[in-house]
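Heads up: the structure comes next, in structure tokens.
Readers should treat all values here as calculations from the given coordinates under stated rules, not as data from a laboratory. These numbers come from a predicted model, not from an experiment. Positions of Cβ are generated from backbone atoms using ideal geometry, with glycine treated the same way; all protein chains shown enter the neighbour counts.
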Amino acid sequence: MIRVLFCLSLSILLVACSVLPEPTPVALYRLPPPGQPPAAEVRKGTQLAALRLAQPAATDALGGNRLLVLTADHRYQAYPRARWAAPMPLLWRDWLLDAFWRDGRVARLSSDGDGLQARLELGGVLRALNVEMREGGPVAVIRYDARLVDTGSRRILASRRFEAQAPMAGPAEAEAVAALGRAADRLARELIDWSLAAAP
């Protein structure tokens, strides 16, 4: 009797497994690595002793890891088979940290996740890291409200909104990631120059 019940249970389980749909494969993406800075900037050498990069604040929509598209009627949609490898605020902070390292003009870099002290911290609010549908076609958009803060006094030394856009070569998710990488490069170049100029 027990054997009969076991065989029956196994048969039901196998039938259920065959009925359930196959899981849809999901591709994990990261932003393409930052481009190398111009040779003239590399030759300038160190200009700032230390800087800590903080994970930016973000809305609930931008706090996840979905690859988002903002439609013409201001609704967020997402590529169904694509995800960022990390939540967008963390992805952006780590990508910027890499960009500062490659630039080479800050001697000591850290993130707020390291638990290290630093006199200056660069943080802010991530307003957009997504595709926007425009009349001329889809465009990758990154919008970042940056703040340079004195960590000792908690005083804001400087703040500025940065925005960069890049047209997409096609509608696929890979083209979206590539275009966001180009936009990130443009924004990072301005952000790094501004951060160094604003630091006391």
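Could you check segment 128-143 and list, in sequence order, the residues that are in contact (Cβ under 8 Å) with a residue 40 or more places away in the chain and within 14 Å of the chain's Cα centre (by Cα)? Within segment 128-143, Ala128, Leu129, Asn130, Val131, Ala140, Val141, Ile142 qualify. Looking only at residues of segment 61-84 that are within 14 Å of the chain's Cα centre (by Cα) and more than 22 Å from Gly170 (Cβ to Cβ), we find that the one that is surrounded by the most Cβ atoms within 10 Å (Cβ to Cβ) is Leu62.
Checking the stated criteria, Arg93 turns out to be surrounded by 16 or more Cβ atoms within 10 Å (Cβ to Cβ), in contact with a Gly (Cβ under 9 Å, 6 or more places away or on another chain), under 13 Å from Arg52 (Cβ atoms) and in contact (Cβ under 8 Å) with a residue 40 or more places away in the chain. Filtered by the rule that a residue be over 15 Å from the mean Cα position of the chain (by Cα) and either within 30 Å of Ala50 (Cα to Cα) or basic (Lys, Arg) (or both), segment 163-190 gives Arg189, Glu190.
Being of a type in the set (A, V, I, L, M, F, W, C), under 23 Å from Ile156 (Cβ atoms) and out of contact with any helix residue (DSSP H, G or I) (no Cβ under 9 Å at 6 or more places or on another chain) narrows it down to one of Leu116, Leu28, so name that one. Give the derivation first.
Numbers: Leu28 fails: under 23 Å from Ile156 (Cβ atoms).
From the options Leu116, Leu28, the qualifying one is Leu116.
So for segment 157-164 (the condition being in contact with a strand residue (DSSP E or B) (Cβ under 9 Å, 6 or more places away or on another chain), of a type in the set (Asp, Glu) and part of a helix (DSSP H, G or I)), does at least one residue qualify? No: segment 157-164 contains no residue that is in contact with a strand residue (DSSP E or B) (Cβ under 9 Å, 6 or more places away or on another chain), of a type in the set (Asp, Glu) and part of a helix (DSSP H, G or I).
Residues of segment 103-153 that are under 17 Å from Ala57 (Cα atoms) and of a type in the set (Lys, Arg): Arg127, Arg143, Arg147.
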